[in-house]
Amino acid sequence: LLHETKGIQAFDAPVAVDVEGVRLGLVTFCRTPDEFAEKARRAVAGGVDALATHQAVHGSQVPGYTFREGVVGDVVGERHLPGAVRHVLCGHVHTRQVVEIGSSLAVYPGSTARASIVEGAQQKGAALWTFDAAISWSFVDHADRAWVRVDD
């Protein structure tokens, strides 16, 4: 369900939207993989070019930790992704990475700014997507404030 307030659109249920000829399925963060699977199926039911979500997928990493399905309750495994979706635009995990999960690729651009000391050495930026005959992406770097550790 899309809502618009002062020109800003938001959604609180799975939905597919058309943006400049690209059809995106949108799923908000879900507390369980089964909830995610059900909402993702609804979001892509009419066919989409890609799925956008805010979820950790099995195999995604942050420094010192790998997310695994069944270990943390909200981590999504291969069986939770709709089979017809090849590209998953992801948020939630702050480390830039591409994770193969079955026949899908989950692309995490990482956070746009450092939020923790473990992110101190990470390049920050965004993912630039191209939706042509073939879908592609590239990571775009940008400057971020320096992270300084002060020991007292």
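The values are calculated or read from the model by the stated rules, or taken from the named source; none is laboratory data. This structure is a prediction, so every number in the text was calculated from the model and none was measured. Quick reminder, even Gly has a Cβ in these numbers, built from the backbone with ideal geometry, and neighbours come from all protein chains shown. With ligands, DNA and RNA removed, areas are computed over all heavy atoms of the protein, side chains included. Shrake-Rupley method; radii C 1.70, N 1.55, O 1.52, S 1.80 Å.
Might you check whether a residue that is within 30 Å of ARG145 (Cα to Cα), open to solvent by less than 70 Å² (accessible area, probe 1.4 Å) and either hydrophobic (A, V, I, L, M, F, W, C) or in contact (Cβ under 8 Å) with a residue 24 or more places away in the chain (or both) occurs anywhere in segment 31-50? For segment 31-50, residues within 30 Å of ARG145 (Cα to Cα), open to solvent by less than 70 Å² (accessible area, probe 1.4 Å) and either hydrophobic (A, V, I, L, M, F, W, C) or in contact (Cβ under 8 Å) with a residue 24 or more places away in the chain (or both): absent. Please verify whether segment 87-96 includes one or more residues that are surrounded by fewer than 14 Cβ atoms within 10 Å (Cβ to Cβ) and more than 29 Å from ARG149 (Cα to Cα). No; the residues of segment 87-96 include none that is surrounded by fewer than 14 Cβ atoms within 10 Å (Cβ to Cβ) and more than 29 Å from ARG149 (Cα to Cα). Among the residues of segment 104-124, those identified as more than 14 Å from the chain's Cα centre (by Cα) and open to solvent by less than 70 Å² (accessible area, probe 1.4 Å) are ALA113, ARG114, ALA115, SER116, GLU119, GLY120, GLN122, LYS124.
If you go through segment 70-86 and pick out every residue that is open to solvent by 60 Å² or more (accessible area, probe 1.4 Å) and over 15 Å from GLY25 (Cβ atoms), you end up with 4.
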